[in-house]
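Below is one structure, written out as structure tokens; the observations come after it.
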């Protein structure tokens, strides 16, 4: 080979490598952007019990569907391309088929990678989402009626959902029984949303990130601090000087 | 060098007959000229049938899909490349998945890395069909990306996983998508699979499997050390018909074994152990053996 053809060969070689590297980088960039976009979970998609939080879940789930196969109630589904959930990952829609809260949690047991936490042993400790009574204006109990269905179907009745009595201003003489969800008990199984009698459920289970607020880390509630310390942290009653106008008697 | 040998020999043959299998069929019969192809299709269909027996017939021999599965409630198998991406994304997988990946790696170190591509992967059927259709339709044009692209893409998918903290490649990976689609619902996956088919048919001959797919690239890296290999043991009988080059999805792997003076064994990780060269050769030059088998029959 003479030097000119070897130079041409070298150029071709380098061009090939540069092309491949360039396409690969473009591909990585595109994938990354796409991955970022698809990261947010739609409000009606809930993860199986024991799922790691969403950021860690999408690194851990290999999309094998073993949890789907383990689910005895066909609750879980693998997302298909075109669905709004990260392709191939498991989810359920409470309004369609809620989680039946199997005591042995077969779906989490079936997970090979730990995307669903095998250590979850008590299904009542699962936090798939949180039920929120999102629409008080259509909820029948808020109209003073006794629907109570969400309360009745709750697997943790009187713990996750309670009925709180309130005066019915409209009639002036009746009580309203307000379904009230308690986040420290609600597993997000979705039975309440599934069975809400309205055409569109007034109570919905939302992913925790959407359902929960968070108190500022610096914020202290006085009465709790008092409980913790066993005594008031400041003087119980602050004596303020009484200032009267000079002329007053 | 390699491609020049293939190109020099091919036109003469192409003029004689359009099928690279004509000579083999004449010598060994239709069945003999398709032995390994038929075996591969049985393997691919059989594995799919094992997965489908559950959802279709309630016979749960194998659960899951190619990403991760559980056979007979005892044998875990996990795609090691997928687990590597998961690791790059920042998750240390549970012991079941790790064990499953080790078993798969061990298996392909024995059976030949890209044996996965030829004997298991469902997309292979798609791209083989595209290649066959190209030949039937006489489509000769096409531009293939450089062969090294898949290795760059392999790196790119790991980089994307690391950068986003998600298994980004699985958003578009047609390999897992096809299986998942058949077993759990296809959704719009058909569009991606259709794109792969059209890419192979109209844009790049043997484009996807031999140039792009990072899954294949991963198994090719394993294949460099794999035990079961194809050997051109009877290279002396070669009559330079070039049929093997024409059927081979990775023709460059054949040359050193067939024409080189050193080892008769095809050592390149790119070789998929599909056995198509064995089928296509009317002189029975090729055979399956192990990589340490250096025998070459005297011509």
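Rule-based calculations on the coordinates, nothing more; no lab input. Owing to the predicted nature of the structure, the values given are computational and were not obtained by experimental measurement. Neighbour counts run over all protein chains shown; Cβ positions are idealised from the backbone, glycine included.
Descriptive notes on the structure:
- Reciprocal of mean inverse Cα separation for the range A:1-106 (Kirkwood radius, Å): 17.1
- Taking the longest Cα principal axis of chain A as reference, the axis of helix A:3-37 is set at about 20 degrees.
- When B:252, B:211, A:174 are sorted by how many other C-beta atoms sit within 10 angstrom of their C-beta, beginning with the fewest, the order is A:174, B:252, B:211.
- Computed [θ] at 222 nm, helices only, for chain B once each DSSP H run of length n ≥ 4 contributes -39500 (n - 2.57): -16000 deg cm²/dmol
- Taking every alpha-carbon pair in the range B:125-273 and binning the separations at 10 Å intervals from zero gives 10, 32, 35, 17, 5, 0 percent.
- Helix B:174-184 vs. chain B, principal-axis angle (Cα, 0 to 90°, nearest 10): 60
- Cα-based equivalent ellipsoid of the protein assembly as shown: semi-axis lengths in Å, sorted from largest, via gyration tensor: 63, 26, 20
- Oblate is the label for the range B:38-221, because the ratio a/c of its alpha-carbon gyration tensor axes (a ≥ b ≥ c) is 1.5 or higher and a/b is not greater than b/c.
- Cα shape, the range B:220-298, gyration tensor, a/c 1.5 rule: oblate
- Among A:31, A:140, A:14, the largest mean-square fluctuation in a Gaussian network model of chain A, built with springs joining Cα atoms closer than 10 Å, belongs to A:14.
- One Cα centroid belongs to the range B:47-123, the other to the range A:181-249; the line between them spans 49 Å.
- Chain A - Rg over Rh from alpha carbon coordinates, Kirkwood radius: 1.25
- Build a GNM of chain B with springs between Cα atoms under 10 Å apart, and of B:283, B:136, B:63 the one that fluctuates most is B:136.
- Computed log10 I(q)/I(0) for the range B:180-245 at 0.17, 0.20, 0.24 Å⁻¹: -0.90, -1.00, -1.05, from the Debye equation with unit scatterers placed on every C-alpha and solvent omitted.
- In nm, spacing of pseudo-spin labels at residue B:30 and residue A:198 (7 Å Cα→C-beta vector): 6.7
- Helix-only CD estimate at 222 nm, as mean residue ellipticity for chain A, using -39500 (n - 2.57) per DSSP H run (n ≥ 4): -8500 deg cm²/dmol
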